Structures are given as C-alpha cells and as structure tokens.
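All remarks here apply to the structure that follows.
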Amino acid sequence: MKDIRLNALANTLVRLLNIFFPLITTAYLSRILSKQLYGEFNIANTYLNWFIPFATLGVYNYGIREISKVKDNAEKLNTMFSTLFYISLFCTAVTTVFYIIIMPIYSKSPSVHLLMLILGVQLIAQIFYIEWINEAFENYTFLFYKTLFIRILMLVSIFAFVKEADDIVQYAIIMSASQFLNYFLSYLWIKKDVKFVKVPLENFKHLIKPLIGLFLLANAGMLYTNLDLTFVSKIGAPEQVSYYANGQRMIMLISGVISGAISVSVPRLSYYIGLEDEKSYQDLINKSSSIFSFFMAPIGMGLVALGVHATVIMYGTRYMAGGIVTQVFAFRAISWALEIVMGTQVILIRGFENKLSIFYIIGGICNFIFDSILFAFGVSSPQYYIMTTLLSEYILLFIEYSFIKKNNLVDLKIVIHSFRKYTFITVGFLPLSFLVNHLIPTDMNMGIPFILNIAVAIIVCCVYYGIALIVTKDEVFMEMFNKVKGRLHG
C-alpha cells in the first residue's frame, strides 16, 4: 500500500500546479481580453457545466469507492472498469446530442453560440475522464507529472495565441484542447493496468440505482453556484457574471490545495470500511478534518479580510468591483470545507449517496427559491446570490449533521470542535486588517502603499495565528512544529 503522506504530497503538488498556472494565465487574460467577451465566455462555460454531470453520471465518486475495494482482484477490477467506462461512453454520447440540440435555446448571441460549440469539446472529452481509477490506484505521482506537462503546454499556448482583446475564441480552443489531452493521457496511462472485458447486462442493471443516486448528487450540486451564475447571466451584465465566476475561481483554486491534500484520504477511508476497521476510519476522519480546518480557516478568513486586494492582484483594477464577491466566497469556503468532511468523507463513503443527493436537492431547492426572490425583485449584484448559496448550505450542513448523528455513522465531536476553534481564532484577522488599512491606507492601485499594506496585514495575521495556536497548545500545530524541529536537529 502506498504511503498516504506521499500521496498527499503528490496530490497537493497537483493542486498547486492547478493554482500556480491559472493564477498566471488569469492575471494575463483579465488584462488582455475584453470584459464583454470574457463575460460571454463565462456565460457559455456556465451552460456547459450544466451538462458535464450528465455525461459522467456519478461515475467518478462511485468509481473511486468501488475500484478501491477490488483493485487487488484483477477479474473484478477489469469488470468494474469496463462497466463504468461503457456507461460513461453511452451517457457522454447522449448528453452531447442534447447539448447541441438545446444550444440555440439558451442564448440568442451568435458569439455565445460559437463559444458553446468550442467548449463542447470538453463534453466529448468526458469519455476519457477516468481519473477515478487513477485516484483509486493512488497514482498521484503520475497525475503530478501529467498536470505539469498540460499546464506548461496551456500556458505557452495562451501567451502565443491570445494577444488581443478579441482573442476569446483562441482561448476557448486552447482550454478545450488541453482538457481533451489531459483526459486522454490518463486513459493511455491506466490502460497498462486494466483491460476491457465483456460485461453481462445484469451488471449494468445492478449499477443503475447507485449511479442514479450519484447522478442526482452531482446534479444537485449544480443547484448552488451554477444556478447563481445562471440567474446572474439572465439579469445582469456579462461583466457581473465574470465578477461571480472570478471570485468563485480564485477561492476554489486556493482552497483546492488543502482539499486536494485531504481528498487522498477518500480511497483509504473506503478501504478501512471494506475491512470494517472502524477505529482506523474514525482516527483518519479526526486527523484529516483537524488538518483541513487548521489550514482552511486562516485561508478563508484571510481572503475575507483581503478579498479586494486579492481581486486587484489577480484580475486588475478593471475587476476591483468584484472584490466583495471574492470576500463572500472566501467566507463560504469555511462552511464548504465542513461539508466536504460530512458529505464526502462520511455520508458518501458510507454508501448513502441516495440520501446525500436528497439532502443536496433540498438545499438546492432552498437556493432556487432564494435566487428566484432576488430575481423577482430585479437584484443583479452577484454577491447577494452567493449569500443565498451560503444560507442554503447552512441548511444542508444541519441536515447532514442530524443524519450522521441519528445513524451513528461517526463521532463528529472532534470534527466540529476543530472547525469551530480555528474559525473563532481567525475572526481576529478582520480587526487586524482593518487596523492595518487605517495605519497604511491604499487606493488599491498597484504601488508601494498597496504592496506594503498587504505584506504587513499578512505578517500581522500570521504572527497572531501562531501566537494563538501556541497559547491554546494546538495539537496540529505542535505536531508540525516538533516534526520540523526534529528534522532540523536530525
């Protein structure tokens, strides 16, 4: 069995690559491309994202869980892989046909139609989206090198072909081609470990129920941020869609590093359940959630404090008005982290995907109602739509917590305590950043006062966080400190 620490490191490096390169390209594109055209690209991408879950049909989460259980049995492995691949192939073909048919209904803009058509290549690429088996095999080293290659190729292509304000089509082509190549390389790599076999019809029938549950789960998730984007695209200007998409993209990119390191525990958690080793399962839940909240809380609250600054750095002063969107998204990231633990690492891993999909749908319906009210009153500011998602996710968290406690799936005392503790500590970032803004004022233009303001705020908040952890004798901090100390003296 591969070392989970090395897996976490490799997966973290993958997430870092997926942050580092988009940070460069996004900073470049937001300063080159027209706000109107970039907004239309985000509208087309929003439309595409409604169809992606239909193409994958919940295979990703199901595949990780089930392949992890049978990866030591070649016959069962090949059968499961072939079954899931054939299902993905069929669903992708059907979804692509519907995507093309419905395309003209969504928007009357010819430029949006063209972008939808180009981005549709990413939909076809779902045929080769088999990262679930690479993750189940814990092939994180391969994923790191593949991601590095794809990201460098994408970066070079963007700098070479996207040079003018109206080069949005070139950008869309690069994005779609890169995605296709990314998935196809994974397909070629895993083929050395598995092979296609004939699958009896009853095998497909057996998977219909769990896959429909995960299919509903994947689509229910679209009733949150993607639903918000759809409402904003219908009532707001294209640049407001970009404000929402930019804020979401930035926060998810950054927080994705931490969630990526934690996600490597999913195959191991599934493995422990297969062995009925409840103690190891509980210990890993406690440890992973503590580390998760240890990093996520300061990242989230730090970006709440410096959201406008981060937006200016990332997208330029043209998008400064979207800074408040980034701040609200940053606050949402904290509750989102808790939902990952309860939803994915507990309810989903335990095999209650049907229940979880229902919970997501309930929260999604709440968000639809809230969004509809805003829409009816003519509200177009994207930050209010994020607030409806945040409120809906609090309802979701309450439902998930009640279900876990009622069915005694896992003891959540340490999990809840960790998130509450780190969130409470990091709230102190807000008055500290306010004080820094008062002492070192900035007009948000890139200059010495701006850079000094950010640097001082980050240093002050980090020092405060470190002192608070030492005073409270935080176990995660002390364990990390002792490991670093031991290596320095070793």
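The values are calculated or read from the model by the stated rules, or taken from the named source; none is laboratory data. The structure displayed is predicted, hence computed values, not measured ones. Positions of Cβ are generated from backbone atoms using ideal geometry, with glycine treated the same way; all protein chains shown enter the neighbour counts. Please note that ligands, DNA and RNA were not included when accessible areas were found on the heavy atoms of the full protein model with its side chains. Shrake-Rupley method; radii C 1.70, N 1.55, O 1.52, S 1.80 Å.
Sorting ILE291, ILE425 on solvent-accessible area from highest to lowest, probe radius 1.4 Å, gives ILE291, ILE425. Rounded to the nearest 10 Å², what accessible area does ILE273 have for a 1.4 Å probe in the complete protein model? Rounded to the nearest 10, the figure is 40 Å². Here LYS192 is the anchor, and the lysines within straight C-alpha reach of less than 22 Å, apart from those fewer than 8 places off in the same chain, are LYS2, LYS69, LYS71, LYS76, LYS146.
For the chain, the longest piece that avoids every one of the trypsin sites (Lys or Arg not before Pro) found in DSSP loops with at most 12 other C-beta atoms within 10 Å covers 199-472. Quick one: how many Å² of ASP411 are accessible to a 1.4 Å probe, rounded to 10? About 80 Å², rounded to the nearest 10.
Take the chain, mark every one of the GluC sites (Glu not before Pro) that falls in a DSSP loop and has at most 11 other Cβ within 10 Å, then report the longest stretch left between them, sites excluded.
Result for the longest clean stretch: 277-490.
Kirkwood-type hydrodynamic radius, segment 344-445: 16.8 Å, calculated from all non-identical alpha-carbon pairs. Taking the Cα centre of segment 64-163 as reference, the dipole from Cβ charges on Lys and Arg (+1) and Asp and Glu (-1) amounts to some 340 debye. Gain on full extension, evaluated as 0.36 nm per residue between LYS209 and PHE481 minus their Cα-Cα distance, stands at 93.2 nm. Remark: relative contact order (the chain) = 20 percent; criterion is Cα-Cα distance under 8 angstrom and separation of 6 or more residues. Using heavy atoms of the protein chains and a probe of 1.4 Å, the accessible area assigned to VAL471 is about 110 Å².
Would you mind calculating the relative contact order of segment 353-490 from Cα pairs under 8 angstrom and at least 6 residues apart, reporting the percent as a whole number?
15 percent.
The phi-based Karplus calculation (6.51 cos²θ - 1.76 cosθ + 1.60; θ = phi - 60°) puts the 3J(HN,Hα) values of segment 42-58 at 5, 5, 4, 5, 4, 4, 4, 5, 6, 9, 3, x, 5, 6, 8, 6, x Hz, whole numbers, x for Gly and Pro. The alpha carbons of segment 402-466 give a radius of gyration and a Dmax of 18.5, 56 Å, in that order. Placing +1 on each Lys and Arg Cβ and -1 on each Asp and Glu Cβ, with no other charges, gives segment 99-258 a dipole about its Cα centre of roughly 440 debye.
Phi angles across segment 383-389 convert, under the Karplus curve 6.51 cos²θ - 1.76 cosθ + 1.60 with θ = phi - 60°, into 3J(HN,Hα) values of 4, 6, 6, 5, 5, 5, 5 Hz, Gly and Pro given as x. Using just its DSSP H runs of length 4 or more, each adding -39500 (n - 2.57), the chain gives a mean residue ellipticity at 222 nm of -28000 deg cm²/dmol after division by all residues. Considering only alpha-carbon pairs that sit under 8 angstrom and 6 or more positions apart, the relative contact order computed for segment 93-244 is 24 percent. In the chain, taking the dipole from charged Cβ atoms about the Cα centre, the farthest positive-side position among GLY378, TYR244, PHE85 is held by PHE85. When the Cα atoms of segment 304-360 are aligned to their principal axes, the ranges along those axes come out at 47, 17, 14 Å in descending order. Accessible surface area normalised per residue over the chain is 45 Å², counting heavy atoms of protein chains with a 1.4 Å rolling probe.
Placing +1 on each Lys and Arg Cβ and -1 on each Asp and Glu Cβ, with no other charges, gives the chain a dipole about its Cα centre of roughly 560 debye. Once the gyration tensor of the Cα atoms in segment 267-415 is diagonalised, the equivalent ellipsoid follows with semi-axes of 33, 21, 10 Å, ordered largest first.
If the Kirkwood radius is taken over C-alpha pairs of the chain, then at 20 °C and 1.002 mPa s the Stokes-Einstein diffusion coefficient equals 90 µm²/s. Applying 1/(1 + (r/R0)^6) with r as the Cβ-Cβ distance of ILE451 and MET103 and R0 = 45 angstrom yields a FRET efficiency of 0.50. Counting protein heavy atoms only, the chain has 70 percent of its accessible area on carbon and sulfur, 1.4 angstrom probe.
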